[in-house]
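The next block holds one structure in the form of structure tokens; read it before the comments.
The values are calculated or read from the model by the stated rules, or taken from the named source; none is laboratory data. Just so you know, these numbers come straight off a predicted model, no measurement behind them. With ideal geometry, Cβ positions are generated from the backbone for all residues, glycine too; neighbour counts draw on all protein chains shown.
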């Protein structure tokens with residue numbers, strides 16, 4: 001299926017999980033727990049608070065060479081979002097793409113997804129594990145901290161109080 005067919009298909013509109021496609025156009029469904037979404041919300045809020053004149057976006061659709069992937073959180077400049085407008089999916093990756101890794105995600109699958117984002121133009125890919133530990137990557141490999149947002153914490157807490 002083409003992405004516009006997935007988005008417009010009536011039987012797929014109210015699904016409680018994220019849908020991506022692979023290179024052959026097959027739909028892949030990814031269920032996420034509330035814990036996953038809490039980390040996603042915290043990361044998005046951090047960008048919104050610290051991103052100055054730039055924008056954060058949850059659930060960002062990115063066209064890759066292996067279908068449409070949906071980043072849990074993406075960050076880009078105003079120019080990036082103006083350039084991409086209402087395109088769905090974006091034909092280029094935002095500069096920073098964040099994936100909150102679920103226990104069911106294999107390291108091999110996540111490295112593959114990271115490669116696809118870099119191929120599509122991402123400058124950094126961040127991973128948040130199920131405990132809130134952050135890992136930062138650029139196309140050359142793993143970083144100690146983000147080069148674009150060095151002040152981003154290496155660990156995220158979920159506060160239930």
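Out of all the residues in the range 136-143, is one or more surrounded by fewer than 18 Cβ atoms within 10 Å (Cβ to Cβ), closer than 27 Å to residue 34 by Cβ and within 16 Å of the chain's Cα centre (by Cα)? Lay out the reasoning, then the answer.
Going residue by residue through the range 136-143, those that are surrounded by fewer than 18 Cβ atoms within 10 Å (Cβ to Cβ) are 138-143.
Add one more test, that the residue is closer than 27 Å to residue 34 by Cβ, and what stays is none.
The answer is no, given that none of the residues of the range 136-143 is surrounded by fewer than 18 Cβ atoms within 10 Å (Cβ to Cβ), closer than 27 Å to residue 34 by Cβ and within 16 Å of the chain's Cα centre (by Cα).
Just checking, which of 149, 127 is surrounded by 12 or more Cβ atoms within 10 Å (Cβ to Cβ), closer than 23 Å to residue 77 by Cα and touching a residue at least 60 places away in the same chain (Cβ under 8 Å)?
Values: 127 fails: touching a residue at least 60 places away in the same chain (Cβ under 8 Å).
Exactly one of 149, 127 is surrounded by 12 or more Cβ atoms within 10 Å (Cβ to Cβ), closer than 23 Å to residue 77 by Cα and touching a residue at least 60 places away in the same chain (Cβ under 8 Å), namely 149.
Which residue is surrounded by the most Cβ atoms within 10 Å (Cβ to Cβ), if the candidates are limited to the range 42-64 and must be over 16 Å from residue 152 (Cβ atoms) and out of contact with any strand residue (DSSP E or B) (no Cβ under 7 Å at 6 or more places or on another chain)?
64
Just wondering, is there one or more residues in the range 130-152 that are modelled with pLDDT of 95 or more, under 17 Å from residue 71 (Cβ atoms) and assigned to a loop (DSSP other than H, G, I, E, B)?
Checked the range 130-152: at least one residue is modelled with pLDDT of 95 or more, under 17 Å from residue 71 (Cβ atoms) and assigned to a loop (DSSP other than H, G, I, E, B).
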